[in-house]
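K.L.:
To start, I am sharing the structure in question, which I have written as structure tokens.
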Amino acid sequence: MRKLKYLVCLGALLILSLPSFAQNRERNNGRNGRDSLTREELMSKRNTYLSEKMVLTAAEAAVFFPLENELLRKKFEISGDCRRLEREMRSNNKRTDDDFKKLLKCREEEKDKRDKLDKEYLEKFKKIMPAEKILKYQNAEKSFFDDFVRDRR
């Protein structure tokens, strides 16, 4: 009788824990059962993609990618204020026209800062690579996410 109680309790625990296992699998597999990528994995795929499209040598890649990753990090930092403002606006149900104007101004300033940063890093890229590879980089950068999303469908 005692063993039966333990088996019933164990069975009940297993049945109650099934939703938890299902949630973990969904979280680990991403949407629609697809594998989700960490930021590091995505950056690795991106770097591989760029390297192939730009036809980089190992020496060029060793110099280019740290500089390019620094550019991406700075762009992310620049957009932080606007992301924070957007989150605040989403949580506030009583948004005013001034709130929207403030966000528009933030985005405009963000774009100006990003453009200035792009020009600064273009000059740095010119010092380490030929112009042809820089143009290939710019084209590959634009096409990466389109190709990446298409491949994941």
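The values are calculated or read from the model by the stated rules, or taken from the named source; none is laboratory data. Given the structure is predicted, the values throughout are model-derived calculations rather than measurements. In this analysis, Cβ positions are derived from the backbone assuming ideal geometry, glycine residues included, and neighbour counts consider all displayed protein chains.
K.L.:
Mind listing whichever residues of segment 33-92 are surrounded by 14 or more Cβ atoms within 10 Å (Cβ to Cβ), more than 22 Å from LYS119 (Cα to Cα) and among the hydroxyl-bearing types (Ser, Thr, Tyr)?
P.N.:
Residue satisfying the conditions is TYR49 alone.
K.L.:
Does ARG95 satisfy the criteria of being without any contact (Cβ under 8 Å) to a residue 12 or more places away in the chain, part of a loop (DSSP other than H, G, I, E, B) and not hydrophobic (A, V, I, L, M, F, W, C)?
P.N.:
Criteria met by ARG95.
K.L.:
Which residue out of LEU50, LEU56, LEU37, LEU72 is at pLDDT 90 or above and not in a helix (DSSP H, G or I)? Walk me through it before giving the result.
P.N.:
Details: LEU50 fails: not in a helix (DSSP H, G or I); LEU37 fails: at pLDDT 90 or above; LEU72 fails: not in a helix (DSSP H, G or I).
From the options LEU50, LEU56, LEU37, LEU72, the qualifying one is LEU56.
K.L.:
List the pairs whose first member sits in segment 130-147 and is farther than 20 Å from ALA59 by Cβ, whose second member is not aliphatic (A, V, I, L, M), and whose Cβ atoms are under 7 Å apart, counting only residues at least 6 apart or on separate chains?
P.N.:
PHE144/ARG46; PHE144/TYR49
K.L.:
Filter segment 116-153 for residues that are outside any helix (DSSP H, G or I) and under 18 Å from LEU71 (Cα atoms) and give the result.
P.N.:
MET129, the sole residue that qualifies.
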